[in-house]
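Below is one structure, written out as structure tokens; the observations come after it.
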Amino acid sequence: MAAVLREGDGFLPGTDLAAVSRPIFREATVGGEALFAERFWPDGTPRLSAYEYQGLLLSPCHQDGREGGLGCDDCHAMHGDRPDMQVRRDRAGAKACTSCHVLEDMSSGTLHGGHGETVTCQGCHTPRITYGLLEGMIGHRIAVPRPQAWIGRHDQPDACTQCHVDRSRTWAAEALPRLGFPDPGPLPPPAQDEAWGSRVQLDLVGGDPLQRVLAIHALTRPEVPAAVVERRAWITDALDDEYPAVRWFAWRALRQLAEPDQRALVDAYDPHADAEHRVPAADALRAAFGGGPFSPEQREALEARRERTVLWIGE
């Protein structure tokens, strides 16, 4: 760092960036302190946008940079005609994966994954567990979903329950053999509060700020197999959140899911207003949409868990 401040970073366009710089990962330290750990999920997956390159480096498709491994420009074109995400036309959607992988079992004619066309490759292998620019974004760490690895834990979202928003990780792990995947074997015991609600419901109330906004983002996606009327009710749990960004996510989500004749009620709620104006509007929305699944005692316990995570992400 001192050399960069004294001499500049030393990189010249067209030369090898890795020769003069190295990416930040969860375990990276400055002066012996792991200052960047909160920018990554516990397994090292980036939780923030702008860390897409690190996600790629952690992916098996990258093949540690060997010839034939996946690189940024395999899917993106810096000077193409699509400025939005700069995705190459021949790599849009599932083509990002099917350009290399065959998704059909040639012996049976069945599609890989067992979900049909509703769920894309990205939905399972690069789920939307990245936050940036007030959005939930697909990650760039390509991985196989393993919900069984996170049973009993509350510190990272997983691909299966970010889509099956009304289910637990135990349910997701037990469903793997029915989809044609290997049996996960003996499952860890769930935590007591995993019986209170789905994984997304638990994250919505008891997760850290990024888990809470990503839970709301998951609840707005059209492909999730849960009724809109239920999702609206759950989202009202976030209307009194201490983080303005979480409240804004909840407000935007309710606007997206509300019926036309309910929009005025949603618009009467200002996520940035003082509590004396905001709380009555939130109460009116709960009266109209219903509330979340937790008892007052359960909600208190989940909210207390928020205090265990000190989150500073540099944004």
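The values are calculated or read from the model by the stated rules, or taken from the named source; none is laboratory data. It should be emphasised that the depicted structure is a prediction, and the values quoted were computed from it without experimental measurement. Cβ sites come from the backbone with ideal geometry, for glycine too, and all protein chains shown count toward neighbours. For accessibility, only protein heavy atoms count, side chains too; no ligands or nucleic acids. Shrake-Rupley method; radii C 1.70, N 1.55, O 1.52, S 1.80 Å.
Counting only heavy atoms of the protein chains and using a 1.4 Å probe, CYS160 has close to 30 Å² of accessible surface. Among HIS101, HIS79, the order of accessible area from largest down is HIS79, HIS101, computed with a 1.4 Å probe on protein heavy atoms.
Of ALA215, ALA37, ALA175, the residue with the greatest mean-square motion in the GNM of the chain, using alpha carbon springs below 10 Å, is ALA175. Grouping the Cα pair distances of the chain into 10 Å bins from zero gives a pair-distance distribution of 5, 23, 31, 24, 13, 4, 0 percent in increasing distance order. Rg and Dmax, both from the Cα atoms of segment 93-248 and both in Å, are 16.0, 54.
When the trypsin sites (Lys or Arg not before Pro) in segment 1-91 are filtered for DSSP coil states and for at most 14 other beta-carbon atoms within 10 Å of their beta-carbon, the remaining sites are ARG66.
Note: segment 160-315, Cα convex hull, 133 Å³ per residue. Using a 1.4 angstrom probe on heavy atoms only, work out the carbon and sulfur share of the accessible area of the chain in %. For the chain, the apolar C and S fraction of the accessible surface comes to 55 percent.
Given a 10 angstrom Cα cut-off, can you work out which residue in GLN63, GLN122, GLN156 is the most mobile in a GNM of the chain? For the chain, modelled as a Gaussian network with Cα springs under 10 Å, the answer is GLN63. Between ASP267 and GLU300, the simple spin-label model (points 7 angstrom out along Cα→Cβ) gives 3.9 nm. Calculated accessible area for segment 76-158 comes out at 62 Å² per residue, all protein chains present (probe 1.4 Å; ligands, DNA, RNA ignored). Entry note: segment 235-315 has Rg to Rh equal to 0.99, where both radii use alpha-carbon atoms and Rh is the Kirkwood radius. ASP155 exposes around 60 Å² of accessible area when a 1.4 Å probe is run over every protein chain in place.
What is the distance in Å between the Cα centroid of segment 5-76 and that of segment 217-276? Between the Cα centre of segment 5-76 and that of segment 217-276, the gap is 35 Å.
Sorted from longest to shortest, the spans of the Cα atoms of segment 1-126 along the three principal axes equal 61, 35, 28 Å.
What fraction, in whole percent, of alpha-carbon pairs in segment 58-182 exceed 25 Å separation? Present the calculation step by step, with values, prior to reporting the outcome.
Numbers: 2487 of 7750 pairs.
It works out to 32 percent of all Cα pairs.
For the chain, the Cys residues with no second cysteine's beta carbon closer than 4.7 Å are CYS61, CYS72, CYS75, CYS100, CYS124, CYS160, CYS163. One quarter of the surface of the convex hull around the alpha-carbon atoms of segment 1-45 equals 4.1 nm², the direction-averaged projected area.
The loop-placed GluC sites (Glu not before Pro) in segment 1-90, going by DSSP, that have at most 11 neighbouring Cβ atoms within 10 Å of their Cβ come out as GLU27, GLU67. Considering only the Cα atoms of segment 110-153, their convex hull presents on average a projected area of 4.3 nm². Solvent exposure of MET137, expressed as accessible area, is near 40 Å², computed with a probe of 1.4 Å over the protein chains only. Here r is the Cβ-Cβ distance between THR15 and LEU133 and R0 is 41 Å; the resulting FRET efficiency, rounded to 0.05, is 0.85. Computed extension length for LEU187-ARG6: 59.8 nm, one decimal, from 0.36 nm per residue of separation with the Cα-Cα distance subtracted.
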